1. If you go through segment 737-792, how many residues are assigned to a loop (DSSP other than H, G, I, E, B) and without any contact (Cβ under 8 Å) to a residue 24 or more places away in the chain?
2. All but one of (1) touching a residue at least 40 places away in the same chain (Cβ under 8 Å); (2) under 18 Å from residue 101 (Cα atoms); (3) open to solvent by 70 Å² or more (accessible area, probe 1.4 Å) hold for residue 142, so report the exception by its number.
3. Output yes when any residue across segment 165-181 is within 20 Å of residue 259 (Cα to Cα) and under 24 Å from the mean Cα position of the chain (by Cα), and no when none is.
4. Being of a type outside the set (A, V, I, L, M), touching a residue at least 40 places away in the same chain (Cβ under 8 Å) and open to solvent by 40 Å² or more (accessible area, probe 1.4 Å) is the filter here; which residues of segment 414-440 pass it?
5. Would you please name the residue that is farthest from the chain's Cα centre (by Cα), looking only at residues in segment 223-243 that are closer than 14 Å to residue 479 by Cβ and surrounded by 20 or more Cβ atoms within 10 Å (Cβ to Cβ)?
6. Can you tell me how many residues in segment 201-222 are of a type outside the set (S, T, N, Q), within 12 Å of residue 172 (Cα to Cα) and surrounded by 12 or more Cβ atoms within 10 Å (Cβ to Cβ)?
7. In segment 626-662, what count of residues is obtained for those that are crowded, with 24+ Cβ neighbours inside 10 Å and of a type in the set (Gly, Ala, Ser)?
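The values are calculated or read from the model by the stated rules, or taken from the named source; none is laboratory data. Everything quoted here is computed from the prediction, not taken from an experiment. Every residue, glycine as well, gets a Cβ built from its backbone with ideal geometry; the counts of neighbours run over all protein chains shown. Protein only, heavy atoms only, side chains kept; ligands, DNA and RNA dropped before computing areas. Shrake-Rupley method; radii C 1.70, N 1.55, O 1.52, S 1.80 Å.
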Amino acid sequence: MDASNPAARLRRPLVPAALAMAAGIAVDRWFGVGMVGWWVAVAVWVGWLVCWRRGHDRSAASLLLVAIAAGGAGWSHAGWRLFDRNEVGRLAEETSSPICLTAIAADAPSRVSAPEPDPFRAIPQGDKTTLPLVVTAVRDDSRWRPATGRLELVVDGHAAGYRAGDRLLVFGQLRGGGEPLNPGQFDFRADARSDRRLATLRTESPDCITLTQQGARWSVWRTLGAARAAAEKVLARRLGPERAPVASAMLLGSRDAVNQDRSEAFRRTGSLHVLVVSGLHVGLVVSLLLGASRQGWLRRTPTLLVVMGLIVLYVLLTGARPPAVRAAVLGEVLCVAALAGRRLLAMNSLAAAAMVVLALNPADLFRAGLQLSFLAAATLIALSNSWFERTPPTAMERLLTSVQPWYERAARGIVGYGGMVLLATLVVWVASAPLLATRFHILSPIAVPISLAVFPLVAASVISGLALVLAEVVAPPLAIAVAPVCGAAIDGLQATVAFADAAPAGWLWLGGPAGWWTLGFYGLFGAAILLRSTRRLWSRLAKLSAAWVVVGVAVSLTTVQPQGLRCSFIAVGHGCSVLVETPTGETLLYDAGSLGSPGAAAETIAGVLWSKGIRRIDAMVISHADVDHFNAVPGLLDRFAVGGVYVSPAMFAETAERPNSAPAGLLRRIDQAGVARHELRQGDRLTLGEASALVLHPIDEAVLGSDNAKSLVLGIEYAGRRVLLPGDLEGEGLEEVTGQFPYDCDLLLAPHHGSARSDPPGFAAWSTPEWVVVSGGNPSYGAAAGRTYRQSGARVLATAGTGMATFELSLFGVAAESFLTD
């Protein structure tokens with residue numbers, strides 16, 4: 001299709017229709033249209049019918065787009081906001097509560113591989129199993145009452161043998177989806193709600209699940225689940241434990257089986273899309289099927305119909321995720337066009353796929369995976385239009401090519417193929433870079449050169465993997481020959497990703513542009529694709545895009561400095577992280593860790609810093625050698641420039657005797673990053689612009705007791721105000737500090753997360769704080785200490801309940817706000 005022809009653009013009516021549908025969904029999400037959307041849609045449909053019958057084409061087209069937008073808003077409202085009054089999620093609270101319920105398995109269970117052993121992980125984790133459920137009833141005391149809703153059951157250990165349609169009795173802990181506690185943090189609650197899940201159910205053992213009745217034997221979903229499980233067993237038996245998880249992810253969409261560290265390597269190198277059944281994988285399957293159909297084994301029409309059926313079957317088998325559905329719709333449209341003898345309009349087909357995906361689940365519009373999928377497809381379509389608009393070779397050029405030796409033609413073909421792959425990858429990478437930077441804070445230039453190896457290896461893995469599964473069913477001896485081919489392709493893919501992950505400057509973390517800038521960028525990007533027929537308009541768009549980039553860079557380089565000293569107590573669960581910002585731009589981070597995942601803690605803290613426009617940490621102070629106070633430091637060293645790391649003399653004192661300990665690992669990571677290390681003792685002082693930090697503990701001599709007793713205690717002073725940060729101070733160290741002259745402070749971090757061992761009454765009397773912050777994993781932890789501090793006249797905030805607590809200290813007093821309540 002000639003995209004430069006205005007008449008040709010009129011043949012793409014689904015493009016504005018898809019945009020209108022997306023706009024309606026977005027308006028409902030941001031502003032809450034409610035049921036008004038449905039009434040508006042009905043009224044506008046009537047108006048469209050009147051205009052259409054009277055021949056008012058322009059008015060009819062405009063009203064049609066409004067009707068589609070209103071319908072999208074209404075459909076979004078129904079999926080996002082309307083839930084049954086018996087919805088089980090209404091029973092869920094922020095903290096876990098016991099529940100007994102009956103439910104129907106919506107699919108077969110999925111195994112989640114345990115992360116590799118890591119000294120930075122305070123609580124080791126084993127394998128888990130996830131199982132989607134449709135709730136039917138809950139037990140209320142001694143009676144059952146009806147219930148509805150969807151849940152994801154998370155089981156510690158392996159819970160196998162269940163199939164879609166099985167009726168189950170489950171004892172577990174029900175918990176509502178927790179909202180983000182900090183700025184810049186991923187919203188897991190909204191992500192679950194997008195699938196109409198308002199709560200999570202967890203059990204500590206597979207024994208908490210009882211099968212009460214098997215589902216219908218010939219159910220479609222049960223059959224698909226059984227087929228998927230059988231295919232996974234084939235891959236595991238033929239490929240082994242190192243290759244099978246990657247093969248299952250690429251072929252069947254079972255990404256949870258891939259080790260977390262390996263999955264992160266794919267993400268950092270811009271190759272994560274190969275671990276999910278995306279448009280690339282479905283496209284390979286469609287190409288393979290259509291290629292086989294051209295061999296003439298069957299008549300054309302029956303073959304295309306069979307291909308269409310196999311496409312649907314494969315997408316359903318792999319979970320029907322939005323990127324796969326998008327590729328499946330394109331494949332189905334391609335087959336329909338071939339059956340009808342019509343030319344395929346690629347952008348129109350892509351718009352049709354968008355409308356199908358959004359009709360299935362409007363909330364998918366806000367997911368980065370779907371956005372990247374359609375963005376890549378639209379970019380490739382635009383590139384292919386430009387590619388095929390090139391002047392075709394002349395008769396002389398074709399003649400000269402035909403008389404060249406075969407090896408020259410082969411070399412030319414290989415070079416041409418490589419150039420095409422590189423160009424396509426580069427264009428898609430440039431187009432998706434702002435979205436990746438905004439949503440994931442990562443940029444992976446290494447993704448472009450490694451595409452020369454990744455694409456053929458993925459193609460070989462998918463094709464040989466499908467052949468392996470098919471051969472196991474049809475001719476098992478043939479599977480023995482196919483398995484080494486698939487294994488070699490997967491080994492090559494993993495080796496390529498590992499090499500790219502270790503390459504210098506292959507990928508980098510960055511704050512990323514603001515959401516409003518990214519939205520504007522893609523508005524201009526879309527206009528450039530759809531309106532490139534007018535050269536003057538194209539020139540204006542190019543200039544406007546350049547100006548927009550300049551605006552984005554200028555805004556990213558400017559940060560709003562606080563008027564006073566700002567202290568932000570980041571909500572990291574049971575752990576500690578305090579960000580201190582001075583009016584002159586200096587930053588100090590006191591502790592950075594959590595009892596949970598080190599990677600998750602690093603992402604949480606980094607998200608807060610990036611949301612504030614911070615790209616450098618001038619001083620990073622680690623209070624003591626408990627991992628819940630420093631396990632996020634390695635991840636932050638990767639993401640930010642750090643001026644220096646400050647520790648107590650006891651922090652790395654035993655690393656030589658314990659080389660596999662977490663402090664020893666941290667010491668190596670600090671040295672690898674080239675960051676200067678400094679020891680702090682009682683009486684030392686750090687200067688932070690107009691503020692200063694005085695070290696109150698430890699003393700020069702070795703402190704007896706646990707690591708907590710050796711905590712580095714910091715008193716920050718600014719404009720006559722004081723902030724006291726005591727880490728996990730307790731025991732002999734607590735006695736040493738409180739034996740000093742009282743330290744009257746305005747703001748206090750409760751020692752040891754509010755533990756009774758930190759002597760809250762005595763410490764409150766010694767420090768006399770006005771505000772106290774408890775950094776714990778749940779609001780109940782440290783509640784007794786909170787009451788004690790309140791009795792002493794202080795106001796208390798717990799980050800588990802209020803989210804990140806921020807205080808600004810100045811001559812005029814202390815201003816407090818919390819992320820969730822202010």
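1. Residues of segment 737-792 assigned to a loop (DSSP other than H, G, I, E, B): 739-746, 750, 755, 759, 768-770, 775-782, 792.
Remaining after also requiring without any contact (Cβ under 8 Å) to a residue 24 or more places away in the chain: 739, 741.
Of the residues in segment 737-792, 2 are assigned to a loop (DSSP other than H, G, I, E, B) and without any contact (Cβ under 8 Å) to a residue 24 or more places away in the chain.
2. Tallying (1) touching a residue at least 40 places away in the same chain (Cβ under 8 Å); (2) under 18 Å from residue 101 (Cα atoms); (3) open to solvent by 70 Å² or more (accessible area, probe 1.4 Å), residue 142 fails exactly one: (1).
3. Kept after step one, since they are within 20 Å of residue 259 (Cα to Cα), are these residues of segment 165-181: none.
No, segment 165-181 contains no residue that is within 20 Å of residue 259 (Cα to Cα) and under 24 Å from the mean Cα position of the chain (by Cα).
4. So in segment 414-440, the residues of a type outside the set (A, V, I, L, M) come out as 416-419, 425, 429, 432, 434, 438-440.
Filter once more, keeping what is touching a residue at least 40 places away in the same chain (Cβ under 8 Å): 429, 432, 434, 438-440.
Hits for segment 414-440 are 429, 439, 440.
5. For segment 223-243, the residue satisfying everything is 238.
6. Just the residues of segment 201-222 that are of a type outside the set (S, T, N, Q), to begin with: 201-202, 204, 206-209, 211, 215-218, 220-222.
Narrowing further to those that are within 12 Å of residue 172 (Cα to Cα): 201-202, 204, 206-209.
Checking the rest, the ones that are also surrounded by 12 or more Cβ atoms within 10 Å (Cβ to Cβ) come to 201-202, 204, 206, 208-209.
Number satisfying all stated conditions: 6.
7. 2
Residue-by-condition table, conditions (1) open to solvent by less than 30 Å² (accessible area, probe 1.4 Å); (2) small (Gly, Ala, Ser); (3) at pLDDT 95 or above:
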site	(1), (2), (3)
681	no, no, no
690	no, no, no
701	no, no, no
705	no, yes, no
708	yes, no, no
715	yes, yes, yes
720	no, yes, no
737	yes, no, no
